[in-house]
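J.: Encoded as structure tokens, here's the structure I'll be asking about.
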Amino acid sequence: MPNPYLTLATGLRYENITAHNLPSTDFTDPTIQSGSLIMGSLKSTYDLRDSITTTDGTYTINQFECGWSDQDTGGNSMIGKLWSDRRWFVPLRETKDAANNPVPVLALRTLLAGSAGSLPYYEQYFVGGIGDFPLRGYVESRFWGKYAFLANAELRYPLSRSFGVVAFVDTGDAWGSEFQFVPGITTNYSQHKKFSPKAGAGVGIRYNSSYGPMSLDFAYGDDFRTYFSVGQLF
């Protein structure tokens, strides 16, 4: 069993945002696009993974942010954000020599996030693509809102020490946003107020290069899409 590794971190960020190419006339409510905010954060990370091969263990991140938002068109407001990210790695055979003889792994992840206060547009949670809230089979940041849920499952099967394949299923959603497109402007990016999860699935290729794992994924959600990234998704 890996040794537990707990870290606590605090932070402070200040941002002064000027948004472009997001006209407020396209939204049903005046869009809080530009302005400033200051946020303090407290983050805990509890790592019980096998640090060499990531074939066994768990990994948990919890973060709380609280601060003040002062927007050019939307006044000012206290805002708070809370999210929890939990990951499990389950080996499917003996891991005694996993560094030299890679083993299949079932990797699972859940992520739940919520917020309070009048969030600026850019401080919402964005779900879709392979960003912070990955939902493969959809374009980047396809769904946004004050709340978000995500679940990912990957079956990672090594073909050699350098190459492997994966099969995956993602499901998730972001909802509760005040920023809705005006009917007729676009229907491709309509948002919703209530939880309405979407799903995507596919297969991928992994290559363990000297710069770290490289990933090529083929997914189908609302359409067929291809993603390339450096590093594991989680």
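J.: After finding the eigenvalues of the alpha carbon gyration tensor for the chain, what semi-axes result from the square roots of 5 times each, listed largest first in whole Å? Don't skip to the end; give the middle numbers.
T.: Values: eigenvalues 253, 98, 38 Å².
For the chain, the ellipsoid semi-axes come out as 36, 22, 14 Å.
J.: Could you tell me whether the range 9-145 comes out rounded, prolate or oblate from its Cα gyration tensor? Rule is a ≥ b ≥ c as square roots of the eigenvalues, rounded for a/c under 1.5, then prolate if a/b exceeds b/c, otherwise oblate.
T.: Working: a/c = 3.51, a/b = 2.09, b/c = 1.68.
Judged from the Cα gyration tensor, the range 9-145 comes out prolate (a/c at least 1.5, a/b above b/c).
J.: Let me ask something else about it. Where does the charge balance sit around residue 87 when Lys and Arg score +1, Asp and Glu -1, over other residues with C-beta under 15 Å from its C-beta?
T.: Counting the neighbours of residue 87, the net charge comes to -3.
J.: For the chain, what is the number of Lys pairs with C-alpha distance below 25 angstrom, counting only pairs 8 or more positions apart or on separate chains?
T.: Here the count comes out as 9.
J.: Separate question: Which ordering of 214, 39, 78 is given by a fewest-first count of other beta-carbon atoms within 10 Å?
T.: Starting with the residue having the fewest Cβ neighbours, the order is 78, 214, 39.
J.: What number comes out for the charge environment of residue 135, summing +1 per Lys or Arg and -1 per Asp or Glu over other residues with Cβ under 14 Å away?
T.: With Lys, Arg at +1 and Asp, Glu at -1, the net is -3.
J.: Report the local net charge at residue 188: Lys and Arg +1, Asp and Glu -1, summed over other residues whose C-beta lies under 12 Å from its C-beta. Spell out each step's value before the answer.
T.: Numbers: positive: 142; negative: 222, 223.
Neighbour charge sum, excluding residue 188 itself: -1.
J.: OK, next. Hey, got a sec? Which chymotrypsin sites (Phe, Trp or Tyr not before Pro) in the range 65-111 land in a DSSP loop and have at most 13 other Cβ atoms within 10 Å?
T.: none
J.: Share of Cα-Cα pairs in the range 154-208 beyond 19 Å, in percent?
T.: Cα-Cα pairs of the range 154-208 separated by over 19 Å account for 53 percent.
J.: For the range 5-230, what relative contact order do you get, as a whole percent, if you take Cα pairs closer than 8 Å and at least 6 residues apart?
T.: 14
J.: Hey, another quick one. Could you sort 134-147, 111-124, 155-168 so that the peptide with the highest average Cβ count within 10 Å comes first and the rest follow in order?
T.: So the order, starting with the most tightly packed, is 134-147, 111-124, 155-168.
Since every read-out is calculated from the coordinates, none of them should be taken as a lab result. Just so you know, these numbers come straight off a predicted model, no measurement behind them. No Cβ is skipped: glycine too gets one built from the backbone with ideal geometry, and neighbour counts run over all protein chains shown.
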